[in-house]
Amino acid sequence: MSRATTVPKHRTGIPGFDLISEGGLPRARATLVAGTAGSAKTVFATHFLAAGILQDGEAGVFVTFEDRVEDIRANMLGFGWDIARWEKEGNWIFVDAAPDAEEPTSVVGPFDLSALLSRIERAIRKVDAKRISLDSLNALFVQFPDQPILRAELFRITTKLKQLGVTVLFTGERIEEYGEVTRHGIEEFVADNVIILRNLLDNERRRRTIEILKLRGAPHQRGEFPFTITSRDGIIVIPLSGIELTQTSSSKRITSGVERLDEMCGGGIFRDSILLISGATGTGKTLLVTQFMAGGFDAGERCLLFAFEESKDQLFRNAAAWGFDFEAMEKSGRLRVVNRYPHAMAMEDHLVEMQQVIQDYKPTRVAVDSLSALERVASLRSFREFVISLTSFLKREETAGLFTSTTPSLLGGGSVTEKHISTLTDSIILLRYVESYGEMLRSIVLLKMRGSQHDSSIRQYTIDETGMHIGEPFRDVVGILAGAPSWNDDGDEAER
C-alpha cells in the first residue's frame, strides 16, 4: 500500500514501475533516467509517452538530440507504438534537435539554448502536452563543451517546463553500471528525481535492472528490481518487493491424478496450492506431471504444461506409453503444452512469457517440468526471484501449480532447487530409490502439506503401462530419505 505523500504522482503506465515508485513520477517535475549503452533508456523515454497516450489520453513531446526522427518511428513500431499515427492525431510531436552531420555545430563565445526552449514550448502548447521526454542530453555536452553554462541552461529549461505543468523525463549516459550517476556528473543535479537502468552481465547472460535512486519529496521502493523488454508490452518491471501476501485461500480440493495420492493428501490438493515434486532421474516426476494434467482434463479443467527438458513429441510419446492421449487432449483445447529451451532467454523473459501465456489461456492448473533445468542457466538470485514471482502470480490467479526438481543423488539428499524454494511451496512430495537386496525399489512420501492433515508414511510405489501405483508403507527399514536404507533382519521377509 502506498504511503501518504504531499507530492502528487503522475502515473507512468509502465508495467510494474508505478508499483515500485508507489504511484508514478512526481507530477510536473524533472526525472533523469541514466544508464549505460543498451540499458533501454530510449525505450523507457518512449514508453513513458506511449503509455500516456494509450492509457490516459495525454499528449506528449519527444525531443531527440541524437537519433533521427525516422529511426525512432521505425524502431518503436516493433512495440506496437504507431508514432506516425499519433502525430497525425495530434497526440505526439517531435522536436528534432539532433545535429546536422553535414553542417556540424560550431560554438564561438557564450551561448544559450533559448531557441531550443522556444521550439519545445511551442510544441507543448500545440498538442497540450502533459508529458515530455528529452533523449539524450549527452549529445549537448558534445556540441557545447562549456559545462558551467550548459548546466545553467539545462536548469533554465527544466524549470520552465515544470512551470508549464508538464512532467519531464530526460535520459543521460553512464560509463559504468556501478559508479558515477552520469558521464559528466551534471544531469543528476538538474533533476528532481533519478532512475538508474543497468544492463549487467550475470552468469554469462545480460540481465537488466532498474533502481530508483531518488524521488525528491516522495516515497518509493528501495533497491534494484529486474526488468525486461517485450514486443508486446515494452518495458516490464518485476516488482518483488511489491508482492503482497493478500491472496485468498481456497478449501476446495482437486485431484492430483493419482487416486492413492489424493487419499494421502486428505482428499486431494487444494485448488490454489503449489506442489513441489523432488526426485532423482527416473523416479517418475514427469509421470506425476502427466497424471496431474490428465486428472485435470478428466475433471473438465484447462491444463497448461511448461516443459523445459523434453520436446512435445517426447512428452506425447511418453504419455501415450502410460495410456494418456495428450494429442487428443490438446486438440480439444483443454490442454496446452509450451516447450522452451532453458538457455533461449533470461529468467525475466521466461517469467514474463509464462505469465502472458497463463493470462491468455486461463488454465486452472499449471505444471512446470522442471525447475532444475531453469536453475542451471540462472544465478541464485535471479532463479529465486523467478520462483517467488511465479508462485505469487499463480496464487493470485487461484491456479494450482505443480513444479518438479531433480536431486543430484539417486538415493537421496535434497536438490539445490528444493532448498531454495521449499518454503515457497504448500506441499512437497519426495520420490526416492530404495536399494533392497539387489533390487531397486521406489518410495514416495508427502513431506508437508499446509493446512491439512496428511499421510506422512513412506510408501512403496510401482510404475507400469497405466501409470503410478502407490502401495503400502515400508516396514522394518530406516534411512530411506537420507539415502542409506537399513533393513531390520528381524522383519518379515515378505514385506521387503
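Just so you know, all these numbers are worked out from the coordinates, no wet-lab data involved. Predicted model only: the values in this text are computed from it and were never measured. Cβ: placed from backbone, ideal geometry, glycine included. Neighbour counts: every protein chain shown.
Note on the chain: helix-only mean residue ellipticity at 222 nm, from DSSP H runs of 4+ residues weighted -39500 (n - 2.57) and normalised by residue number, equals -9000 deg cm²/dmol. Once both labels are positioned 7 Å from their Cα atoms along Cα-to-Cβ, the gap between V478 and S332 label points is 4.8 nm. Extension gain, E224-V69: 0.36 nm per intervening residue step, less the Cα-Cα distance, totals 52.6 nm.
Computing Rg and the Kirkwood Rh from the Cα coordinates of the range 178-225 gives a ratio, Rg/Rh, of 1.03.
Projecting label points 7 angstrom from Cα along Cα→Cβ for D464 and E259 puts them 1.4 nm apart. Summarised in one figure, the compactness ratio Rg/Rh of the range 9-242, Cα atoms and Kirkwood Rh, is 0.94. Treating each Cα of the range 36-170 as one equal point scatterer and applying the Debye formula with no solvent, the log10 of I(q)/I(0) at q = 0.11, 0.15, 0.21 Å⁻¹ comes out as -0.39, -0.73, -1.36. Here is the P(r) of the range 253-495: all C-alpha pair distances, binned every 10 Å from 0, give 7, 33, 37, 18, 4, 1 in whole percents.
DSSP bridge analysis restricted to the range 9-242 gives an antiparallel fraction near 45%, rounded to the nearest 5. Farthest toward the positive end of the dipole of the range 9-242, out of G78, I210, P148, is the Cα of I210, where the dipole comes from beta carbon charges about the Cα centre. Dipole magnitude for the range 253-495: about 1000 debye, using +1 per Lys or Arg Cβ and -1 per Asp or Glu Cβ, origin at the Cα centre.
Exposure proxy shown here: for K41, K130, K160, the number of other Cβ atoms within 10 Å sets the order, fewest to most, as K160, K130, K41. Against the empirical curve 2.2 N^0.38 Å, the C-alpha radius of gyration of the range 224-369 lands at a ratio of 1.13.
Round to a whole angstrom and tell me the spacing of the C-alpha centers of the range 424-482 and the range 300-346. If we compute the Cα centre of each part, the gap is 26 Å.
Ranking M468, G90, T12 by how far each Cα lies toward the positive end of the dipole of the chain (charges on Cβ) leaves G90 at the top. Here the chain is treated with +1 on each Lys and Arg Cβ and -1 on each Asp and Glu Cβ, and its dipole about the Cα centre works out to around 1720 debye. Computed from label points 7 Å out along Cα-Cβ, the spacing between L164 and E177 is 3.7 nm. Let me check against my output: what whole-number percent is the relative contact order of the chain, with C-alpha pairs under 8 Å and at least 6 apart? For the chain, the relative contact order is 14 percent. Fully extending the segment from S486 to K88, taken as 0.36 nm per residue of separation minus the present Cα-Cα distance, adds 135.3 nm.
Cβ-to-Cβ counts within 10 Å put F386, F62, F189, F316 in ascending order as F189, F316, F386, F62, the fewest first. Given the chain, what whole percent of its Cα pairs are spread farther than 28 Å? The share of Cα pairs beyond 28 Å in the chain comes to 60 percent. Counted over all Cα-Cα pairs of the range 137-215, pairs farther apart than 15 Å make up 62 percent.
Computed from backbone phi, the HN-Hα couplings of the range 113-124 come to 10, 4, 5, 5, 4, 5, 5, 5, 4, 4, 5, 4 Hz, rounded to whole numbers (Karplus: 6.51 cos²θ - 1.76 cosθ + 1.60, θ = phi - 60°; Gly and Pro given as x). On the beta carbon distance between R151 and H343, with R0 = 56 Å, the FRET formula returns roughly 0.75. For the range 81-226, lysine pairs separated by 8 or more sequence positions, or belonging to different chains, with Cα-Cα distances below 23 Å total 9. Pair-distance distribution P(r) for the range 1-74, from all Cα-Cα distances in 10 Å bins starting at 0: 16, 48, 30, 6, 1 percent.
Under 16 Å Cα to Cα from K312, which lysines show up? Leave out anything in the same chain fewer than 8 places away. Counting by Cα, and skipping residues close in sequence, K312 has these lysines nearby: K331. The Cα-based radius of gyration and maximum Cα-Cα distance (Dmax) for the range 305-435 are 15.1, 46 Å.
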